[in-house]
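The values are calculated or read from the model by the stated rules, or taken from the named source; none is laboratory data. Since we're looking at a predicted model, the values are computed, not measured. Note that we place each Cβ from the backbone using ideal geometry, even for glycine, and neighbour counts take in every protein chain shown. All accessible areas refer to the heavy atoms of the entire protein, side chains included, with ligands and DNA or RNA removed. Shrake-Rupley method; radii C 1.70, N 1.55, O 1.52, S 1.80 Å.
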Amino acid sequence: DPVLHTHDVTVDYSGKRALNETSLSFESGTVTALIGPSGCGKSTFLRSINLMNREIPGCVIGGKVVYHDINVNTRGIDTLWLRKRVGMVFQQPNPFRKSIYENIAFALKSHGMTKRADLDERVEKSLRSAALWDEVKDKLRDSAYALSGGQQQRLCIARTLALEPDVVLMDEPCSALDPIATFAIEETITDMASRGICVIIVTHNMQQASRVSNRTAFFLMGTMVECGDTPQIFGAP
Ligand code: ADP
Ligand code: ADP
């Protein structure tokens, strides 16, 4: 069974349709790239999965977003619960104004983890998963703002992974980064999928889509026009 699927999802901003009926399903352990020209609805679709755009006044999401057989596009859904299970990483790294350690521990504490040993263990585990542990293990009390852009983005990934999501949404996570930092993030993405996480990534970078994804969905003017295995979409032999 797919971990997540959308059924005829539409998005309107103040009555203006930004996304036409979109039905896609997503499996554990795979990376799906959402590609297409600027303004075609990629980010709108991504944000409808965790209902983020529903918080914009005048935005209406239609259709079903089904996470483990639960349609979450309903009135009573607990969005805090949903966003713990379906994590999100943004284009601009956005660590909290806190230490490296607290960036991760803060989120865990707010979800009820209080024992110091448990926190220490989860902080290390998630920093390792984001390939950041070796670089920061001796300076966990330093401000997150002292890190480079690429390290900050890996910290944001670690913060998301600490909550043990089974879906991670990424909205152009490398657009603000240089090629070396981008490479490190791409390795982390592949690694997340190999550990069973379902990754859905918006990118305007076709090479990136072909490097990291199993499957690619192509959007044009608010419509998902094609979806298939990435090598097929890119016409590789
Ligand atoms: P992409 O991610 O492919 O660049 P978006 O999903 O950001 O495209 O945008 C799709 C369409 O929705 C565009 O026409 C854009 O102007 C519109 N749109 C996006 N966000 C908002 C918003 N917060 N309010 C109104 N319109 C929006
Ligand atoms: P709480 O911290 O009480 O669990 P939040 O919604 O503030 O509730 O945060 C939950 C987690 O979701 C955060 O720890 C963080 O990882 C992520 N998160 C929330 N808002 C943002 C945001 N604006 N940018 C990046 N990540 C966020």
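Is it fair to say Ala181 is free of Cβ contacts under 8 Å to residues at least 40 places away in the same chain, over 13 Å from Val89 (Cβ atoms) and away from ligand 1 (no atom under 16 Å from the Cβ)? So Ala181 passes the test.
Of the residues making up the stretch 28-73, those that are away from ligand 2 (no atom under 16 Å from the Cβ) and either assigned to a loop (DSSP other than H, G, I, E, B) or over 28 Å from Asn205 (Cβ atoms) (or both) number 21.
Out of all the residues in the stretch 173-211, which are polar (S, T, N, Q), within 16 Å of ligand 2 (Cβ to nearest atom) and surrounded by fewer than 20 Cβ atoms within 10 Å (Cβ to Cβ)? Steps first, please.
At the first step, the residues of the stretch 173-211 found to be polar (S, T, N, Q) are 175, 182, 188, 190, 194, 203, 205, 207-208, 210.
Applying the additional criterion that residues be within 16 Å of ligand 2 (Cβ to nearest atom) yields 175, 188.
Answer for the stretch 173-211, where residues must be polar (S, T, N, Q), within 16 Å of ligand 2 (Cβ to nearest atom) and surrounded by fewer than 20 Cβ atoms within 10 Å (Cβ to Cβ): just Ser175.
All told, Met170 falls short of being open to solvent by less than 10 Å² (accessible area, probe 1.4 Å), of a type in the set (A, V, I, L, M, F, W, C) and over 16 Å from Leu46 (Cα atoms). The conditions of being of a type in the set (Lys, Arg) and without any contact (Cβ under 8 Å) to a residue 60 or more places away in the chain are not met by Arg85. For the stretch 136-164, residues that are crowded, with 17+ Cβ neighbours inside 10 Å and either more than 14 Å from Asp191 (Cα to Cα) or β-branched (Val, Ile, Thr) (or both) total 15. When Ser175, Ser129 are screened for being closer than 28 Å to Val212 by Cα, within 16 Å of ligand 1 (Cβ to nearest atom) and in contact (Cβ under 8 Å) with a residue 12 or more places away in the chain, only Ser175 passes. For Thr22, the test of being on the phi < 0 side of the Ramachandran plot, open to solvent by less than 10 Å² (accessible area, probe 1.4 Å) and modelled with pLDDT of 95 or more is passed.
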